């Protein structure tokens, strides 16, 4: 059960002190007042005047009660007890100073926690496998923000301004309210039955067609007012295709095991998925520069955009291939792109050389020559394949690289944002993989579908790099490095819910299990906060 705080609005009257004790208490009070008089302004209540709660106090408890609208938990801020205390205080006689101090302090602390959670999130991203350093973000002091808002009588504005300004946050907030409303409807009380034979194709009979149509209409995939049909055909098939496209399923109109599982996923599960993505947005730096490149790993999509004055202009969107979920996951972090390599060498990572290439060369020596590989000792290229060189690679005394050319694993261009995990963007000699719905095939680096378009975006401030020149450099066959005039932020992000401005919401598979990790971290945090040993006076400014 959550830990709650109880506030005595009208505390019991203590017995009258003896005259001697009263004199000592009065003297101590006078000394304390004289010593601390300079700081007395800070002891003034923030939420009460003359023992009665202010309008701002009512605004605060309303905001805390509505924390769920931002994917937060109202009980984390003791919203129910605080709301009850403020309501009772407003309806009754003026409170005694002791009661005012208790309620005022508790409401202040809860509002500080709330503002901090809205701005920075509730967990340290580095504890949930995301390499974003919140200490690099612009400073945010929830106490100063709160006091400034109250002094200017703009508390609701400060609450609205605390969350991320990135447009996706707002569209997800709207989607969250919509799916919460859907969760309250009985349409998902019973699952849709499996079709005969395990799948439903257009033209086949299906006993649950009315329920299927109701569910698709509620989700917005079947237009309102669509006439009922006596079979699985027409508008209903198109609605299923629209649903499939929003849920990472091949949009073929066939209801098989995967599509049925998505159709039977209750809206309450989607509510949690949206809330987890909103949590990530609080510490994923998507608005750190006027121009950015963002890869959303579970979506297998790269977007390049301009971001100015809170307005997002997506200049480029393309498919990508990311690291294998099983063993070579693409890490999550932000770094600045600083240069491009045209016709790059592929310097094979030692782990890949040992585990894959050396055994392959021993089985098929011709593969070494066919694919354009060579050994490197220091700075000297060694083109000879023999057992001594293979042993030197295994011993760490030589390395393997692949020369530029049409078979090079990096394709003909490499986009470099230096990082300690040796991750970069690059083209690929195997473009057919972009046709797959699920695209986690790489060793961790990210393969891009449209390298020329990406290069044009990256080099747009260097007009001498025309499309013709870019293509020429990519096919030249000799390596050439071009430095960028200004660093360009690249963010490798993770979000399994995407809400468009038109109201359509896309749900993606949690391919790396990151939603589960974040969910567990939030549950552990809730347990710590509910523990009786929790220090209620601890600073709320830093995510746990």
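No lab work stands behind these numbers, since they all come straight from the coordinates. Keep in mind the model is a prediction, meaning the values are calculated, not measured. Please note: Cβ atoms are built from the backbone with ideal geometry, for glycine as well, and neighbour counts cover all protein chains shown.
Quick notes on this one:
- Paramagnetic label reach from residue 441 (point 7 Å along Cα→Cβ; backbone nitrogen cut-off under 12 Å): within segment 388-432, residues 428-432.
- Measuring nothing but how far apart in sequence close Cα pairs (under 8 Å, 6+ apart) lie, relative to its length, segment 101-207 scores a relative contact order of 22 percent.
- Given R0 = 22 Å, the distance between the Cβ atoms of residue 367 and residue 430 translates into a calculated FRET efficiency of 0.90.
- Using alpha-carbon coordinates, inclination of helix 55-65 to the longest axis of the chain, degrees: 50
- Potential extension, residue 62-residue 140 segment - 0.36 nm per residue separation minus Cα distance: 25.8 nm
- Taking every C-alpha pair closer than 8 Å and separated by at least 6 residues, the mean separation divided by the residue count of the chain gives a relative contact order of 18 percent.
- Each peptide in 327-340, 290-303 receives the mean, over its residues, of other Cβ atoms within 10 Å, and ordering these scores from highest gives 290-303, 327-340.
- Pairwise Cα inverse-distance average, inverted: Kirkwood Rh of segment 346-403 (Å): 11.0
- Helix axis angle, 267-281 relative to the chain longest principal axis, alpha carbon, degrees: 90
- Distance from the alpha carbon centroid of segment 175-202 to that of segment 409-443 works out to 37 angstrom.
- Across segment 254-355, the relative contact order, built from alpha-carbon pairs under 8 Å that are at least six residues apart, equals 13 percent.
- Sorted fewest first by neighbouring Cβ atoms within 10 angstrom, 384, 201 come out as 384, 201.
- Contour excess over end-to-end distance, with Cα ends at residue 394 and residue 174 and 0.36 nm allotted per residue: 73.7 nm
- Volume per residue of the convex hull around the Cα atoms, evaluated for segment 175-270, comes out as 93 Å³.
- Estimated inter-spin distance, residue 252 and residue 181, nm [label 7 Å along Cα→Cβ]: 3.6
- Pairwise centroid distance, computed over Cα atoms, of segment 473-495 with segment 353-400, Å: 27
- More than 15 Å apart - percent of Cα-Cα pairs taken over segment 222-292: 67
- Spatial separation of Cα centroids for segment 103-170 and segment 209-226, in angstrom: 39
- For segment 256-410, a Kirkwood hydrodynamic radius built from all Cα pairs, placed in the Stokes-Einstein relation at 10 °C and 1.306 mPa s, yields a translational diffusion coefficient of 80 µm²/s.
- Angle of helix 97-120 to the longest C-alpha principal axis of the chain, folded into 0 to 90 degrees and rounded to 10: 10°.
- Label assignment, mean projected area of the Cα convex hull in nm² derived from the structure, set (i) 25.5; (ii) 36.4; (iii) 24.2: (ii)
- A Förster radius of 25 Å, combined with the Cβ-Cβ distance separating residue 379 from residue 476, puts the computed FRET efficiency at roughly 0.70.
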